[in-house]
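Right, one structure below, let's go through it.
The values are calculated or read from the model by the stated rules, or taken from the named source; none is laboratory data. Values in this document were obtained by computation on a predicted structure and should not be read as measured data. Using ideal geometry, Cβ is built from the backbone for each residue, glycine included, and neighbour counts are taken over all protein chains shown. Surface accessibility is based on the protein's heavy atoms, side chains included, excluding ligands, DNA and RNA. Shrake-Rupley method; radii C 1.70, N 1.55, O 1.52, S 1.80 Å.
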Amino acid sequence: MVKPQTQVPELSVKTVGGSEWTLADQQPENFTFVFFYRGLHCPICKTYLRSIDRKVGELKAMGIYAVAISSDSEERATRSKDEWKIENLPVGYGLTIEKAREWGLYVSKAIKSAEPEIFSEPGLFIVRPNGELYAASIQTMPFTRPGIDELISGFKYIIENEYPGRGEA
């Protein structure tokens, strides 16, 4: 388990469109918001990524960079971005199951034909510019994710009050 106030694992993935996205290369003023999603087969991920996509400009104005990453193939990630009409949020793909486990994500086996044989469950990580984990929310299934408006409200409070990361003990 990655604890707040400790360094997160290295992370580098290809993004739809061909560029490489590396966490260590990000230089936000405040945070990088990394959202690991289940993949193309997940309708709840579609709704959630679209909600984040609509708020990317607001996040950037707050000094927060956002990225969505899955263990999907390039073809499936491209379909997600296109079919879900994700226009602003970078979509990374090819997360290995080993890397997902290193980040503390839960991993599931397919129970439906539309699902990949094995894939990671959702998780979101708020990472400081120095690579230190600020906060995380990890799920064992697609439900119960914090809404983007709730997250933005929390980000505002955190930034305005220099609220420290918690859960390190």
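Of all residues in the stretch 117-156, those satisfying the criterion of being open to solvent by 80 Å² or more (accessible area, probe 1.4 Å) and either under 18 Å from residue 56 (Cα atoms) or hydrophobic (A, V, I, L, M, F, W, C) (or both) are 141, 143, 149, 150, 156. Against the list (1) open to solvent by less than 80 Å² (accessible area, probe 1.4 Å); (2) touching a Ser or Thr at 6+ places or on another chain (Cβ under 6 Å), the condition residue 99 fails is (2). Cβ-Cβ distances below 7 Å connect the following pairs, each with a first residue in the stretch 18-39 that is of a type in the set (D, E, K, R), a second residue that is in a helix (DSSP H, G or I), and a separation of six or more residues or different chains: 38/45.
Going by the structure shown, is residue 39 open to solvent by 10 Å² or more (accessible area, probe 1.4 Å), at pLDDT 95 or above, on the phi > 0 side of the Ramachandran plot and of a type outside the set (D, E, K, R)?
Values: open to solvent by 10 Å² or more (accessible area, probe 1.4 Å): no; at pLDDT 95 or above: yes; on the phi > 0 side of the Ramachandran plot: yes; of a type outside the set (D, E, K, R): yes.
Considered against the rule, which asks whether it is open to solvent by 10 Å² or more (accessible area, probe 1.4 Å), at pLDDT 95 or above, on the phi > 0 side of the Ramachandran plot and of a type outside the set (D, E, K, R), residue 39 comes out as no.
Within the stretch 3-36, work out how many residues are open to solvent by less than 50 Å² (accessible area, probe 1.4 Å), closer than 24 Å to residue 156 by Cα and in contact with a Pro (Cβ under 8 Å, 6 or more places away or on another chain). Steps first, please.
Applying the first criterion (open to solvent by less than 50 Å² (accessible area, probe 1.4 Å)) to the stretch 3-36 yields 4, 8-9, 11, 13, 15-16, 18, 21-23, 26, 28, 30-36.
Still in the running and closer than 24 Å to residue 156 by Cα: 4, 8, 23, 26, 28, 30-36.
From the residues that got through so far, the ones that are in contact with a Pro (Cβ under 8 Å, 6 or more places away or on another chain) too are 26, 28, 30-32, 35-36.
Counting residues in the stretch 3-36 that are open to solvent by less than 50 Å² (accessible area, probe 1.4 Å), closer than 24 Å to residue 156 by Cα and in contact with a Pro (Cβ under 8 Å, 6 or more places away or on another chain) gives 7.
Against the conditions (1) open to solvent by less than 70 Å² (accessible area, probe 1.4 Å); (2) more than 22 Å from residue 28 (Cβ to Cβ); (3) touching a Ser or Thr at 6+ places or on another chain (Cβ under 6 Å), residue 106 satisfies every one except (1).
Here is a list: 67, 56. Which entry is within 20 Å of residue 150 (Cβ to Cβ), more than 12 Å from the chain's Cα centre (by Cα) and hydrophobic (A, V, I, L, M, F, W, C)?
Details: 67 fails: more than 12 Å from the chain's Cα centre (by Cα).
After ruling out the rest, the residue left standing is 56.
Has the stretch 79-93 got at least one residue that is touching a residue at least 40 places away in the same chain (Cβ under 8 Å), among the small types (Gly, Ala, Ser) and under 24 Å from residue 29 (Cα atoms)? Checked the stretch 79-93: at least one residue is touching a residue at least 40 places away in the same chain (Cβ under 8 Å), among the small types (Gly, Ala, Ser) and under 24 Å from residue 29 (Cα atoms).
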